[in-house]
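Since every read-out is calculated from the coordinates, none of them should be taken as a lab result. Here the structure is a predicted model, which is why all the values come from computation and not from measurement. Cβ placement follows ideal geometry from the backbone for every residue including glycine, while neighbour counts extend to all protein chains displayed.
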Amino acid sequence: MRSAEEVLAELRALRTADVPTHGGHTLAYVYDSGLDGLDELAAAAHALASSANGLDPTAFPSLLRMENDLVAAASRLLGGTERTVGSVTSGGTESCMLAVLAAREGNPGVTEPTVVLPSTAHAAFHKAAHLFRVRPVVVPVDPTSFRADPSSMAETIDENTVLVVASAPSYAHGVLDPIAEIAAVAAARGVRMHVDACIGGWVLPHFRRLGKAVPEFGFAVDGVTSVSVDLHKYAYCPKGTSVLLHADAELRRGHFFAGAGWPGYTMLNSTLQSTRSGGPLAAAWAVVQHLGDDGYLALAQASLDAVEKMWAEIAAVGGVRLLAEPDSTLLALTTDDGIDLFTVADEMKARGWYVQPQFAHESSPANLHLTITPANRGDEAEFGAALRESVADARAAGPVEVEESIAAFLADLDPDALSQEEFGDLLATAGMGGGAGLPERMAEINAMLAIARPKLRERLLQEFLGLLYRPS
Ligand SMILES: *Cc1c(COP(=O)(O)O)cnc(C)c1O
C-alpha cells in the first residue's frame, strides 16, 4: 500500500500543472466566489454524502430532500409557480439534453422531430440532437446584435418542431435573446420553449434586484415551458450540478426512465445517470443554504462591478473591442486587423491569464471569451495592463499565417475519410508530433483550426482527443 499522505502529495503535485481555479485569472471553465471557507464547506458536505446513491430516493431520503430544496430555490429565482417541478442533473449539457428528450417524448405523434435553435445556442443542443435523433434546425441570429431573431424563428417552426430554444444569455456573446417574443411565437404554435439560462440563471435575477435592466426570461414569460440553470456556475457550487425546471410535471415526464424488463431491480431514473453520487448534490445544497439570497446578491454586485470595470479597461486598450455590450457576466473580445487574436491569448497565458479562444461563426469573428466572477473584483487594472502588453506584443509579432501548402492540404481533407496517417502528418506539422502534449503557444494550431471547416475541425479535435486519452 502507498501511504495516504504520499498519494495526496502526488495529487497536489499533479494539480499544479492545471490552470488555477481561484483568483480570477482563469477567465473560463471556473467560477470563483472569492469567499473564504466556501470550498471547505462544499468539500465537507460532499464527503458527508458522496457514498450515498441517488439511484433510490426511498433508500436515501436525504438526497431526495436536498434535491427538492435546490429545485425549489431555482424555481423561486426563475419565476416558477406552485406547479413548477425540476430535476438536479450533472451539468448544463445534461439539463439541455433532458429538455430535448422530454420534448421529443412528449410528442410521440411527430415521427421526424426537430428542435429550432438560434445559431448561438449552446453546442449541448447539438449533442442532444445527435444522441436523441432529433434534427437541429439552426436559425441565424441578428448579424450585429448576435441575438436570436424571433421572426425568422417563427417562420422556421413547423409541424415537426417539438422544441424551440433561446439563451439567457448566450455563452459565446453574453447577450440575452428576446425571450418573450420567441416564447410568444412558440406558444402560438403550441410548441414547447426552453430557456437556456445555464450560465445566467443564477446571477441575472440578482442583477435585476440591483437595479440593472434585465428583461424577464423565466416562467414569468408566457410560453416558457422549461428553464435550465447550472449550480456549478454562478451558484458557485462544486462541479457536477445543474437544475432543469419544467413548468409542470406533465412536461417533465418524458425524460424519466423506468426499466422493469430484466430480473434485477426496476431501474428508475429521473436523469441520464442511474447510480448518482450524493456528493455534488449535498455540496450544492450546503453552498446554496449557506450563501442565501443576501450572499448571492453581494456576489452579484461584485460581478457586476467587475464586468463594468473590465469593460472600461478593455475600452482603454487600442486595437481591441467587445463584440457586444454585455447583458450579463460574459465578454467577447476581438482584435483589429494586424493584431493576431490567438497570439494575444498566448501572451495573456504567458502573463498568467487564461482567456478562451472562440472561432469565427456566421457574422461573429474569432474572439476571446471572458467569464467574469467576483474574484475579478479589484484586479481589473492588472488585467487591463496584461491585455495592453499582450496586444502590443501581438502587434509587434505580426499575424500568424498558415503556410499555403498546409492551407491547401486542409482545404482538400475530407473529414469523413481522414486517416490516422494524415492526422499524424498534420500533428507533426503543428509541432505536436510524437504525441507529446500541448505546446506552450497555441497560436499556430489555432490559426490552422480557424481555417478548417467546422466539420473538419470537429474531426481533427476528436482525433486529438483520442490521442490524449491513452493509458499512462
Ligand atoms: C455552460 C453552458 C452549458 C453547458 O453546461 P455544462 O455544465 O458545461 O455541461 C449550456 N448552455 C449554456 C448557456 C452554458 O453556458
Checklist outcome for this item: Summed over the other residues with a beta carbon less than 12 angstrom from that of residue 214, with K and R at +1 and D and E at -1, the charge totals +1
Checklist entry - Say each of residue 361 and residue 127 gets a label point 7 Å from the Cα, pointing the same way as Cα to Cβ; how far apart are those two points in nm? => result 1.4 nm
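At a Förster radius of 41 Å, what calculated FRET efficiency corresponds to the Cβ-Cβ distance of residue 469 and residue 316, to the nearest 0.05? Before the final figure, lay out each step's value.
On the way: r = 43 Å, r/R0 = 1.04.
Efficiency at R0 = 41 Å is approximately 0.45.
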Next on the checklist: Quick check: pseudo-label points 7 Å beyond the Cα along Cα→Cβ at residue 48 and residue 408, how many nm apart are they?
Outcome noted: 6.7 nm
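FRET efficiency for residue 382 and residue 6, Cβ-Cβ distance as r, R0 = 45 Å, nearest 0.05? Could you put the intermediate results ahead of the total?
Details: r = 37 Å, r/R0 = 0.82.
Plugging the Cβ-Cβ distance into 1/(1 + (r/R0)^6) gives 0.75.
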Checklist outcome for this item: Here the relative contact order (percent) of the chain, from C-alpha pairs under 8 Å and at least 6 apart, is 18 percent
Checklist entry - Between rounded, prolate and oblate, where does the range 43-288 land on the alpha carbon gyration tensor, with a ≥ b ≥ c its root eigenvalues, rounded for a/c under 1.5, else prolate if a/b exceeds b/c? => result oblate
Checklist entry - For labels at residue 455 and residue 160 in the simple 7 Å Cα→Cβ model, what's the distance in nm? => result 1.8 nm
Item to check | Label point 7 Å beyond Cα of residue 21 along Cβ direction - residues of the range 258-293 with amide nitrogen under 19 Å | outcome: 277-291
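Need one word for the range 62-139: rounded, prolate or oblate. Basis is the Cα gyration tensor (sqrt eigenvalues a ≥ b ≥ c); a/c below 1.5 gives rounded, then a/b vs b/c decides. List each step's numbers first, then the result.
On the way: a/c = 2.11, a/b = 1.90, b/c = 1.11.
Because a/c hits 1.5 or more and a/b exceeds b/c, the range 62-139 counts as prolate.
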Next on the checklist: For a protection proxy built on the mean count of beta-carbon atoms within 10 angstrom, sort 461-470, 398-407 highest first, please.
Outcome noted: 398-407, 461-470
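How charged is the neighbourhood of residue 360? Take every other residue with its Cβ under 14 Å from the Cβ of residue 360, and add Lys/Arg as +1 and Asp/Glu as -1.
Details: positive: 453, 457; negative: 337, 340, 362.
Computed value for this residue: -1.
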Checklist entry - Past the 24 Å Cα-Cα mark, which pairs from 309/349; 212/239; 239/455? => result 212/239; 239/455
Checklist entry - Going by average Cβ neighbours within 10 Å, how do the peptides 359-365, 65-71, 9-15, 271-277 rank, with the highest at the top? => result 65-71, 271-277, 359-365, 9-15
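At R0 = 45 Å, how high is the FRET efficiency between residue 428 and residue 208 if r is their beta carbon distance? Nearest 0.05 is fine.
Details: r = 53 Å, r/R0 = 1.17.
The pair residue 428/residue 208 has a calculated efficiency of 0.30.
Report the percentage of all Cα-Cα pairs in the chain whose separation exceeds 30 Å, rounded to a whole percent.
51 percent
Indicate the gyration tensor shape class of the range 265-411 (rounded, prolate or oblate), computed on the Cα atoms with a ≥ b ≥ c the square roots of the eigenvalues: a/c under 1.5 is rounded; otherwise a/b larger than b/c is prolate and the rest oblate.
On the way: a/c = 2.80, a/b = 1.46, b/c = 1.92.
Note, shape of the range 265-411 comes out oblate.
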Checklist entry - For the range 234-292 and the range 372-442, what is the separation of their C-alpha centers, rounded to whole Å? => result 38 Å
